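I have a structure here, written as structure tokens, and I will follow up with some questions on it.
The values are calculated or read from the model by the stated rules, or taken from the named source; none is laboratory data. Predicted model, so just to flag it, every value in this text is computed and none were measured. A quick note on method: Cβ atoms are made from the backbone with ideal geometry, for glycine too, and the neighbour counts reach across all protein chains shown.
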Amino acid sequence: MYAAVLNILEDFAGEKQASEQTQNAVLNILEDFTTEKRLSEDTQNAVLNILEDFTIEKESSEQTQKAMLNILDDFNLEKLKVGKANTELIAANKELESFSYTISHDLRNPLRAVNGFVKMLEFHCGKSLDAEGLRLLGIVEERVLKMGQLIDDLLALARLGRKEIVKTNLNLNNIVKVVLAELNKTVVHKAKINVGVLHHVEADEILMEQVITNLLLNAIKYSSKSTSPEITITSELKDKEVIFVVSDNGVGFDMQYVDKLFGVFERLHDDEEFEGTGVGLAIVDRIIARHGGRVWATGKINEGATFFFSLPATE
């Protein structure tokens, strides 16, 4: 009987131990479940935060898109305005060129008439005129010649808007040689002209000859009163541009008036000091602009001037 009781007690002790192990296992499972639950809650909270951030970003993105659309609308509107303004400007320039050409051309006939009458008066009445009369007649002749030159310059300026540009690869040294040979035949001067090795450019040959001619004539004229007039022509390649430089040691100019140099009829010296029509540099500016380049100048009174023009470098 005692043995049976002992067996029962041993079985109970075993069951108790198994029950405790089961309880411990359940507790461990509950603890793991609690941890997983916390992790799940944290994950849910993180997801909610991400969704909130996404919503904010979405609203911000929508606002940005609306702002971009507004900017594009404004840009398109401005583009239309600029396009319209350009069209109007082109039309106005054509009208101005046509007007200049017509006026300049029509002025030739009355100018020829005036010149003819002056010649007739001089031929028929020259002997009967006193010194003052002959002086006044000479002034009229001089003004007629100047008016004729002004008309020629205006016509040259007007033709620039009509002439088609034909670009070829040009050796500027050859262009300068041609221009100098022509100037030495037609212009009396004592200037020493130094020419460096010049870069090649893609440009219209006839128009570039006109540019070089006008710049050299300008330099020769304004250095003519120097004891030893000297002109230098060079070029350099810089920032995808070929920059040509024409400098002289002449009378120079005040830099506060530099903006007037390339305007039509704008002159910094009067006729008594230096003759001219004030169109030559304007022609240079127009030609270079049509080639996609730019012009500028520097100078100092009685220390000379330097004129620059740039053209796109060849690839």
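For the range 194-233, which residues satisfy the criterion of being more than 15 Å from Leu180 (Cα to Cα) and in a strand (DSSP E or B)?
The answer is His200, Val201, Glu202, Ala203, Asp204.
Okay, moving on. I need the full set of residues from the range 143-191 which are at pLDDT 85 or above, part of a helix (DSSP H, G or I) and of a type in the set (Lys, Arg), in order please.
Lys177, the sole residue that qualifies.
If you don't mind, another one. Being hydroxyl-bearing (Ser, Thr, Tyr) and surrounded by fewer than 21 Cβ atoms within 10 Å (Cβ to Cβ) is the filter; apply it to the range 214-234 and report the residue that is nearest to Leu172 (Cα to Cα). Walk me through it before giving the result.
First, pick out the residues of the range 214-234 that are hydroxyl-bearing (Ser, Thr, Tyr): 222-224, 226-228, 232, 234.
Filter once more, keeping what is surrounded by fewer than 21 Cβ atoms within 10 Å (Cβ to Cβ): 224, 226-228, 232, 234.
Working: Ser224: 25, Ser226: 27, Thr227: 29, Ser228: 26, Thr232: 14, Thr234: 10 Å.
Ranking the qualifying residues of the range 214-234, first place goes to Thr234.
Val178 - would you say it is under 16 Å from Phe308 (Cα atoms) and of a type outside the set (Asp, Glu)? Give the steps one after another, and end with the answer.
Values: under 16 Å from Phe308 (Cα atoms): no; of a type outside the set (Asp, Glu): yes.
Taking the combined requirement at face value, the residue does not satisfy it.
Looking at Leu121, Leu107, which one is surrounded by 10 or more Cβ atoms within 10 Å (Cβ to Cβ), part of a helix (DSSP H, G or I) and at pLDDT below 75? Full working, then the answer.
Numbers: Leu121 fails: at pLDDT below 75.
Answer to the check: Leu107.
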